[in-house]
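Have a look at the structure below, then the notes.
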Amino acid sequence: MIQQLVQSQNAFFATQQTKDIQFRKAYLKRLQQEILAQEDAICDAIYADFKKPRFESLATETQLVLAELKHAIQNVEEWGRPTPVVPSWTNFPSSEWIQPEPYGKALIMAPWNYPFMLTIAPLIGALAAGNTAVLKPSELSPHTSAIIASIIQKVFPPEYVAVVEGGVEVSTQLLAEKWEYIFFTGSTQVGKIVYKAAAEHLTPVTLELGGKNPCIVDGSANVSLAAKRIAWGKFINAGQTCIAPDYILVHNTQKEALVEALKAQITAFYGQNIKQSADFARITTAKHYQGLKAMLQGQQILFGGTCDDDELYVEPTLVDEPDWGSPVMQGEIFGPILPIISYETEDELHQNLSRYEKPLAFYLFSKRKKFQKQLMAQYPFGGGTINDTVVHISNKNLPFGGVGSSGIGGYHGKHSFDLFSHSKSVVRRGTWLDVSLRYAPYRIPIRWVKKFKHLF
Ligand code: NAD
């Protein structure tokens, strides 16, 4: 079945229909209409998967996708135009341009944590750029996977866009096929499997992976505002956000005030009985829940720490000064657990920041402009925010992605179009003049040839 689907997408792409910008635009509009019509049902599906609050599903899934769609529909004609470049003197007379070209059939694999947005947002870029696509939503968010499948089936013929549902076995079968582009969002571990499979066919990839995102609160930061913005970015989606602050490094003069402000903020957000709050999600899988529970073993808990096996509920939890070698500081937490570690000197801060691979996100709360600039320039990371968390994802003009072990490539807005397009270079030579200096037998003195660098 997968092989047939792949063949049908090859045949469809070969018809060149997707090269027509109006064709792309018409389908993007149909997708937009269907998502608008099904927005409530999509939120219900995500709620059924892990009790994600409706506000969060709208704000971080459907509305983000609809914004991307609107932007693509408005701009795809312009993005699709060839871009003229300054011609080279050596080619005189000529005109020269970059022609964006779709790769062909794209495979898009998505995780469970923002199950709708992370499947559909890359699709918008793939379609705007003129590709066909096969989507593989996560099997761990089955209700969302099912509604994505039904929307796609309603809007697109399968030879243009199709959904293949299933787990590792299905992913493995898909990865055995030859794709012209693979866009993967998920763990670093599975990212390596995808990269290896892509290498077999020299398929270009985007890998949107995870990491251990630091959040620094220095001695000059406004602590109460920092606490509000950190608690929001950490506990939205119950901490299951790839760009959530993973751990806090706070200057020791601010620690006590920050902890008190965080406690007050969590209570202000979710009330005294957080389990009863309609605004706090659950952990998606039992396996991940057990991993989070294990991370709390033997830790000093400053706030929270309650878990419920039946509901897969982990309370927003503040952990005090964990050992660097403890499980909570080993890998990405990906849940509502927030370790708080104090530092005294900047040397100590830098030492701690250097412990991990390049993170997906980086956060700094500080009023010191020079320090802000220094840290932004000094550390490699996918994207970051000064004096807030997570919000760098909201600007479609900023490419969203990781670096090193947190990923390859960035998307959103026009960056998505560029990502899914090959930039084809074209030179059109005039025929009314043909300077013969380049042809053998070579007659130009060598000292002139050494000046060619000024012409290219
Ligand atoms: P995952 O890597 O387990 O799964 C992602 C996809 O890969 C799923 O569709 C799954 O079916 C498939 N898959 C799983 N195991 C596979 C295997 N052995 N072979 C082939 N395919 C396989 O990720 P997840 O648990 O669903 O998501 C959580 C991870 O994703 C976290 O690490 C998080 O940081 C990361 N993430 C990154 C971003 C980003 O934009 N950079 C966004 C969300 C999540």
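The values are calculated or read from the model by the stated rules, or taken from the named source; none is laboratory data. Note that the structure is predicted; figures quoted are calculated from it, not measured. FYI the Cβ positions are ideal-geometry reconstructions off the backbone, even for glycines, and counts take in every protein chain you see. SASA here: full protein model, heavy atoms, side chains in, ligands and nucleic acids out. Shrake-Rupley method; radii C 1.70, N 1.55, O 1.52, S 1.80 Å.
Remarks
- The chain, relative contact order [Cα under 8 Å, separation at least 6], %: 19
- In Hz, Karplus ³J(HN,Hα) per residue of segment 296-304 (6.51, -1.76, 1.60; θ = phi - 60°; x = Gly, Pro): 7, 4, x, 8, 7, 9, 8, 7, x
- Summary of packing: across the peptides 333-340, 436-443, the per-residue average of other C-beta atoms within 10 Å ranks them, highest first, as 333-340, 436-443.
- Solvent-accessible area per residue in segment 140-290 equals 40 Å², computed with a 1.4 angstrom probe and all protein chains kept.
- Pairwise centroid distance, computed over Cα atoms, of segment 210-276 with segment 150-171, Å: 38
- Contact order normalised by residue count of segment 214-401, Cα under 8 Å, 6+ apart, percent: 28
- Using θ = phi - 60° and Karplus 6.51 cos²θ - 1.76 cosθ + 1.60, couplings along segment 180-197 (whole Hz; Gly, Pro as x): 8, 7, 10, 10, 10, 10, x, 6, 4, 4, 6, x, 5, 5, 5, 4, 5, 4
- The antiparallel fraction among DSSP beta bridges confined to the chain stands at about 40%.
- Cα centroids of segment 1-78 and segment 390-456: 31 Å apart.
- Carbon plus sulfur fraction of accessible area for the chain, probe 1.4 Å, in percent: 54
- Trp324 paired with Arg81, simple spin-label distance in nm, labels 7 Å along Cα-to-beta-carbon: 5.4
- Where a label projected 7 Å from the Cα of Lys370 along Cα→Cβ would reach, residues of segment 211-227 with amide N under 11 Å: none
- Packing here is the average count of other Cβ atoms within 10 Å per residue, and on that basis the peptides 357-367, 267-277, 220-230, highest first, run 357-367, 220-230, 267-277.
- Nonlocal amide H pairs with Ala221, under 5 Å, H built at 1.01 Å: Lys367
- Once C-alpha pairs closer than 8 Å and six or more residues apart are averaged by separation and normalised to the residue number of segment 329-395, the relative contact order reads 29 percent.
- Listed residue (Ser224, Gly186, Phe371) projecting farthest to the positive dipole end of the chain, Cβ model: Phe371
- Size of electric dipole in segment 251-338: Cβ of Lys, Arg +1 and of Asp, Glu -1, about Cα centre, debye, nearest 20: 100
- Residues whose amide H comes within less than 5 Å of that of Gly383, counting only those at least five positions distant or on another chain, are Ala361, Phe362 (H built at 1.01 Å from N in the peptide plane).
- For the pair Tyr195 and Tyr379, the difference between a 0.36 nm per residue extended length and the Cα-Cα distance amounts to 63.7 nm.
- Multiplying the residue separation of Trp89 and Glu260 by 0.36 nm and removing their Cα-Cα distance gives an extension gain of 54.9 nm.
- Cβ-based charge dipole, segment 214-401, positive-most Cα from Thr284, Leu353, Gly383: Gly383
- When shorter helices are ignored and each DSSP H run of at least 4 residues is given -39500 (n - 2.57), the per-residue value for the chain at 222 nm works out to -12000 deg cm²/dmol.
- Where labels lie 7 Å past Cα in the beta-carbon direction, separation of Ser224 and Glu346 in nm: 2.9
- Difference of contour (0.36 nm per residue) and Cα-Cα distance, Thr267 to Gln16: 84.7 nm
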